[in-house]
Amino acid sequence: LDQFNAQHVTNTLWAIAKLGIVKTDFMSYLAQRALCPEVLSNFTAQGVANTIWACAKAGFVHLELMQALGQRALHPQVLCTFISQNISNIAWGWAKLGLTDVTLMHALTSRLTAEPSLLHTFNTVEVANAIWAFARLGIIDRELLTAFAARVLHPSVLSKYTSQDLGNTSWAFAKVGVLHEPLMEALADRALCPDVSVTLNTQNIANIAWAYGRLGIRNVKLLEVLAQSSLCRPVMYRFRPQQISNTAWGFAAVGYLHRPLMRALGQRMVCPTILSACTLTDVANTMWAFAILGVLSPQLRAKLQHRAITLLPESFCDPMSDQDMSTISSCYAKLGIANSKLLNAMGRSAVESSVIPQPTLLNDGEE
């Protein structure tokens, strides 16, 4: 291995990731080899992109390697040679690992903005992954999103969009808060296609419902497809707390009541294993959604209220963060619970931090 060059390191890491074999010690050794100056200086644009993709695919976090590859990517002779696949893989890799390199991401988006012809070469997978990644990293603006939307709307791209692509792209536009009506209508139409609708899973459903709800789009045909897909027994049994919460929130946000779906989601939410995994945000959004739609049963209310109370910290000795204050206060307000211990703690925290809690958007999408 001491004789490995940049290409050898990249190919080996790519193969490990592709095969789903995670050997942390071996990958760490390869990372150290990649960091050798004589190796790192020979990484090409393809090598940088494939290595970052491989690390993300394998869930292998090596900060020193990622930072070094980011610096290598910024080298003028490397940056100018990135193709669509490289840009998509790099952005996806950083986002998947929950890391970011603001300078690198801005350099990539600047290339796309400056070279429209490059964006026109993105295929379906590349454009869907890039949109999701840049949105998750918070490195994207309306101009670039509009350009990406135009690419997605090209028949050769849209016709190959999968249920996951639909979920990720709609989530990305909603996350950034950009309403592109032609795109959202086209994505909805694509979701109605039988070859796509039969593949919708709980994550796709939750992302799409949340996205259209946040953007205020009431597409009845789409909502019906999401509801029917959710009600399939194998699918409903796979809903996790946040997915239940986001799906219900999405339907409620546009005022669309689908009684069988809400009944099934409510029953799923009160399952002990699901309820015990709920966060305050899940509880608050679920309670709000069912209440708004007028289908909050006494049983569901009682279960959610009990879960919220169990999540109340035992002690408030330390000042609460803005996020904690906002989330907990919103949750208890929606639950109609006047808890003196909570109110006193929040007042104490606000005084000590000299911050007045601001409303927080309690729903969030997921890739």
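The values are calculated or read from the model by the stated rules, or taken from the named source; none is laboratory data. From a predicted model like this one, the values you see are computed outputs, not experimental measurements. Reconstructed Cβ throughout: ideal geometry from the backbone, glycine too, with neighbour counts over all protein chains shown. The protein model used for the area step is the full one, side chains on, heavy atoms only, and it has no ligands, DNA or RNA in it. Shrake-Rupley method; radii C 1.70, N 1.55, O 1.52, S 1.80 Å.
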**Request:** Filter the range 6-56 down to residues that are touching a Lys or Arg at 6+ places or on another chain (Cβ under 7 Å) and assigned to a helix (DSSP H, G or I), then give me how many there are.
**Result:** 7
**Asked** So residue 43 clears everything in (1) in contact with a helix residue (DSSP H, G or I) (Cβ under 8 Å, 6 or more places away or on another chain); (2) of a type in the set (Phe, Trp, Tyr); (3) open to solvent by 40 Å² or more (accessible area, probe 1.4 Å) except one condition, right? Which one?
**Response** (3)
**Item:** Elements of type helices (runs of 4 or more DSSP H) in the range 110-216, at least 3 residues being polar (S, T, N, Q)
**Value:** 163-176, 202-214
**Request:** Return the total of residues in the range 250-276 being open to solvent by less than 30 Å² (accessible area, probe 1.4 Å) and either touching a residue at least 60 places away in the same chain (Cβ under 8 Å) or part of a helix (DSSP H, G or I) (or both).
**Result:** 11
**Request:** Sort through 151, 142, 111 and tell me the only one that's out of contact with any helix residue (DSSP H, G or I) (no Cβ under 6 Å at 6 or more places or on another chain), among the basic types (Lys, Arg) and within 22 Å of residue 208 (Cβ to Cβ).
**Result:** 142
**Asked** Any chance the range 122-135 includes a residue that's in contact (Cβ under 8 Å) with a residue 60 or more places away in the chain and more than 20 Å from residue 45 (Cβ to Cβ)?
**Response** yes
**Request:** Determine, yes or no, whether residue 215 is in the same structural domain as residue 188 (by the TED database) and either closer than 25 Å to residue 174 by Cα or small (Gly, Ala, Ser) (or both).
**Result:** yes
**Asked** On the given criteria, is residue 16 more than 30 Å from residue 120 (Cβ to Cβ), crowded, with 18+ Cβ neighbours inside 10 Å and at pLDDT below 95?
**Response** yes
**Request:** Report yes if some residue within the range 76-88 is over 25 Å from the mean Cα position of the chain (by Cα), of a type in the set (Val, Ile, Thr) and modelled with pLDDT of 95 or more; otherwise report no.
**Result:** yes
**Request:** Answer yes or no: is there a residue in the range 59-66 that is open to solvent by less than 40 Å² (accessible area, probe 1.4 Å), in a helix (DSSP H, G or I) and either at pLDDT 95 or above or more than 26 Å from residue 120 (Cα to Cα) (or both).
**Result:** yes
**Request:** Determine which member of the set 268, 301, 263 is basic (Lys, Arg), modelled with pLDDT of 70 or more and within 30 Å of residue 132 (Cβ to Cβ).
**Result:** 268
**Request:** State yes or no: is residue 212 of a type in the set (Ser, Thr, Tyr) and surrounded by 19 or more Cβ atoms within 10 Å (Cβ to Cβ)?
**Result:** yes
**Message:** Being open to solvent by 40 Å² or more (accessible area, probe 1.4 Å), out of contact with any helix residue (DSSP H, G or I) (no Cβ under 8 Å at 6 or more places or on another chain), among the polar types (S, T, N, Q) and not in a helix (DSSP H, G or I): is that true of residue 3 here?
**Reply:** yes
**Item:** Residue under evaluation residue 10, criteria (1) touching a helix residue (DSSP H, G or I) at 6+ places or on another chain (Cβ under 9 Å); (2) open to solvent by 80 Å² or more (accessible area, probe 1.4 Å); (3) touching a residue at least 12 places away in the same chain (Cβ under 8 Å), criterion not met
**Value:** (2)
**Message:** Given the criteria within 19 Å of residue 4 (Cα to Cα), at pLDDT 95 or above and not aromatic (Phe, Trp, Tyr), does residue 95 qualify?
**Reply:** no
**Complete:** Of the residues in the range 215-245 that are within 23 Å of residue 270 (Cβ to Cβ) and among the charged types (D, E, K, R), the one that is surrounded by the fewest Cβ atoms within 10 Å (Cβ to Cβ) is 233
**Asked** Taking only pairs six or more apart or across chains, which ones have beta-carbon atoms under 8 Å, a first residue in the range 14-40 that is in contact (Cβ under 8 Å) with a residue 24 or more places away in the chain, and a second residue that is among the charged types (D, E, K, R) and surrounded by 11 or more Cβ atoms within 10 Å (Cβ to Cβ)?
**Response** 16/23; 17/57; 18/57; 31/64; 35/64; 39/33; 40/72
